[in-house]
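Have a look at the structure below before the remarks.
Just so it is clear, none of the values below were taken in a lab; they were calculated from the coordinates. Please read these numbers as outputs of a predicted model, since none were measured by experiment. No Cβ is skipped: glycine too gets one built from the backbone with ideal geometry, and neighbour counts run over all protein chains shown.
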Amino acid sequence: MSDWEPKIVSFFCNWCTYGAADLAGVSRMEHPPNTRVIRLPCSGRVSPKFILAALRQGADGVWVSGCHPGDCHYIEGNYYARRKFNLMKNLLEHMGLEPGRVQFSWISSAESTKYVQVINEVIETVRKLGPAKDFVKDKPKVD
């Protein structure tokens, strides 16, 4: 388990967090390559089904990140995301999944430094939890 690295599936708002990730990349800010990014128009579009599918297919953690409250390009999509996320956390805990496996954050497109800080925190939190339990037998693993 010493060489094990967590695999994180990340759902990012196109307008904010994805922009911060892009800025961190073009600024050559160093961060671990443990995430697989899925860009969505808005964090409010993240369905609980997406989170469950990522975990079922072998992700050790899921990170959802969008615009700060009040800054959503779709007016209140990030508020919907926050509500869904709180309900989803309760459901996952009820299912026996550790709370730190699914995380949510607000990062604007200008916050590349915060992006790097949060990605490191997410990866470290999941690393401490170890590999995720299998939800489905003989499932394919996320590469």
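Looking at the range 1-78, the trypsin sites (Lys or Arg not before Pro) that sit in a DSSP loop and have at most 14 other Cβ atoms within 10 Å of their own Cβ are ARG28. Could you pull out the longest piece of the chain with no exposed loop GluC sites (Glu not before Pro) in it, calling a site exposed if DSSP puts it outside H, G, I, E, B and it has at most 14 other Cβ atoms within 10 Å? Here the longest run is 77-143.
When each of THR35, THR113 is scored by the number of other beta-carbon atoms lying within 10 Å, the sequence from fewest to most is THR113, THR35. Based on the Kirkwood approach, the hydrodynamic radius assigned to the chain is 15.2 Å, with every pair of different Cα atoms included.
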